[in-house]
Number of protein chains: 2
Amino acid sequence: MDESHVGRTRRPTIADVAQRAGVSKGLVSFALNDRPGVNVATRRRILAIAAELGWSPDVRARSLSTNRSFALGLVLQRDTEIVAGDPFFPAFIAGVERELSPAGQALVLASVPSHGREADTYRKLASERRVDGVFLADLRAGDERLDLIESLGLAAVTLGHPDVASAFPAVSVDDIDGVIATVDHLADLGHRSIAHVAGSPEMLHASRRGAAFERACERRGIAHRVVDTDFSARQGAEATRALIADAATRPTAICYSNDVMALAGIAVAQRGGLSVPGDLSIAGFDDSEIARHVYPSLTSVATDVVEWGAAAARTLLAAIAGDELDDSELAPAHLVVRESTGAAPAPRRDTPS
Amino acid sequence: MDESHVGRTRRPTIADVAQRAGVSKGLVSFALNDRPGVNVATRRRILAIAAELGWSPDVRARSLSTNRSFALGLVLQRDTEIVAGDPFFPAFIAGVERELSPAGQALVLASVPSHGREADTYRKLASERRVDGVFLADLRAGDERLDLIESLGLAAVTLGHPDVASAFPAVSVDDIDGVIATVDHLADLGHRSIAHVAGSPEMLHASRRGAAFERACERRGIAHRVVDTDFSARQGAEATRALIADAATRPTAICYSNDVMALAGIAVAQRGGLSVPGDLSIAGFDDSEIARHVYPSLTSVATDVVEWGAAAARTLLAAIAGDELDDSELAPAHLVVRESTGAAPAPRRDTPS
DNA sequence: TTGTACGCGTTATCAC
DNA sequence: GTGATAACGCGTACAA
């Protein structure tokens, strides 16, 4: 009858280790945290006993005393349908986890359906002290979250550069290069009229890609158009229908802001009797796995999202640790040419000059 | 010089509220938690002061004293590439969050690349006391996680029924109905040889769908084949290539275990000169948004994944609260017929009988 | 209603 | 340099 161990054994605390080692709680803490001031032999003994007892730190207790949560937050604000088709977040999260897990940090994920509840979610994460910092994705024009997060006393890292003053380090992937490469690729193929099916215009990366697209077209002397969408396949399809409706004015190539819309665009074109890339070249963005497995396979712009997540996590952890950090830039996006883009069709003969 | 408020104001604690209200900490706690034994007027006054001071509970402190984390865990174990194309988790998470957020609970997400690190992740979540319970998705044959989770003292809910004894409630969606409906639909269209491109055979839902497929085919007297994959577009494409390689023996219809593989399958078929659905009918599974926007649009099996997430969250919260729960069953999967399935091609004349 | 111990690890203060 | 002691963080719970 081992009195103190009735039923399930109580998990060992630092006090148990201390008692067993015949030292004080404080010393055990010092030993376990690799801090100076502990005799080497004593430290070894303490560590051995901790291991033997199966002790492991209780984040709750540690959190309370250190005033840190050892967790980072990511708030997703997208329609369910859109986020479901978006390969970004799963990959980003995988990269984040690769860094957080060894660092003993956890990822707290919140998913909000509407803009309104987004600020509340950050406020709640902060007031409940759930997280030490947050990842700011999908930056918007004049993003109010920057001030909010700062006023909440949270650390943060932005994915990309905000268009307003920011107190937080930015980790960016230059996707402009990918846009330019796409336009150049199409221009080299003889296209003289290209459309861009962009994402939501309040999204900074969408508007920047749109602007880069226009600049690139102008540099090459190419007629261009931009259509805004909400990133959904549905709106990608609608935009495509509108663009190709008038055979006389339709572009010979369309670049989309994501692969899902590009796939929908291919479908609309084919349904309208256009061959891709014979009559219409199509380029995506994301280079999702499916891009290389559709027919025609999809030319798309690739970025290393996993690495982006990892870099963002490292930066945020460093910021929380108090390091002053410069913005960092990852490998730029690059174009992966496949079958959906090809030579521009010969000028139409059916339009009398 | 407001001495006690130099720089950033310290966040108010329950002690501040107590002092301001001229009562004890304990009474404030009772008032804030809506527990009986507090004079109505006093309670009102305490709540007013708490609001005025901007007090909000600190989960860390609450966690330490209640021995609860107020957080639930979800461990994703899939290749980055595969999870990126999978619409399940974003939708599932959206549903989970819909329940957790109002309940003051957080979702802790872990993402592990390999099987080996999966058990460690659960162990860590438990030993650090990060979460009170976990969602068990992607059940496997003889899933070792059930025993592990139980031994770790965590609560859990399984997504679907395990094939071994389980201490946890299951929340399931019957996808068998969807499989049967698919086979019946194809049989009604005259198909007499159907293949199933299944997911990983150790995944319970994959093997169960496979078995259901075979039973449904046998019931209708239809020749059938099952090919296992890892759920990736690549293997979906490979499986399709193998299936259609021999024109004499190829099936006239293929059902896939997810939409991504089905899209890859359509591409392989078209590339091989087969028309879909003219020569080959194709059905997917998941009914992702893109399914209705490709050409031909994809017949697929739909389930309400958001609702599944919400139900699983409710069940897990109830289990943590100590309720004894029965397994629950959500609305079954149903087939959404689109263009990628059609009448079986006429029997080949080029094969001399 | 109050007072106070408690949960568990961290850290500042002291003593040898 | 080694180590002990005690206070602290914040909310909960129980005896008084």
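Here is how the numbers come out for the structure above:
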quantity	calculated
Per-bin percent of Cα-Cα distances, chain A [10 Å]	5, 21, 24, 18, 13, 8, 6, 3, 1, 0, 0
Chain A, relative contact order [Cα under 8 Å, separation at least 6], %	17
For the stretch B:3-56: relative contact order, % (alpha-carbon pairs under 8 angstrom, 6 or more apart)	39
Relative counts (whole %) of C-alpha pair distances in the stretch A:3-56, using bins that are 10 Å wide	26, 54, 16, 5
Selection from A:Y256, A:G278, A:S297 lying farthest towards where the dipole of the stretch A:176-303 points positive, charges on Cβ	A:G278
Helix-only mean residue ellipticity at 222 nm for the protein assembly as shown, each DSSP H run of n ≥ 4 adding -39500 (n - 2.57), per residue, nearest 500	-12500 deg cm²/dmol
If the convex hull is drawn through the Cα atoms of the protein assembly as shown, its volume per residue in Å³	209
Estimated vicinal HN-Hα couplings, Hz - the stretch B:328-334 in sequence order (Karplus 6.51, -1.76, 1.60; Gly, Pro = x)	10, 10, 8, 4, x, 5, 9
Between the stretch A:188-239 and the stretch B:36-67, the Cα center-to-center distance that results, in Å	53
Range in chain A, longest, excluding exposed trypsin sites (Lys or Arg not before Pro) [loop by DSSP; at most 11 other beta-carbon atoms within 10 Å]	A:11-347
Accessible area expressed per residue, the stretch B:195-353, with surrounding protein chains retained (probe 1.4 Å, Å²)	42
Alpha-carbon Rg/Rh ratio, for the stretch A:144-200, with Rh computed the Kirkwood way	1.21
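The values are calculated or read from the model by the stated rules, or taken from the named source; none is laboratory data. In this text the structure is predicted, and so the values were computed from the model without any measurement. So basically every Cβ, Gly included, is an ideal-geometry build from the backbone, and we count neighbours across all protein chains shown. The accessibility values were calculated without ligands, DNA or RNA, using every heavy atom of the protein model including side chains. Shrake-Rupley method; radii C 1.70, N 1.55, O 1.52, S 1.80 Å.
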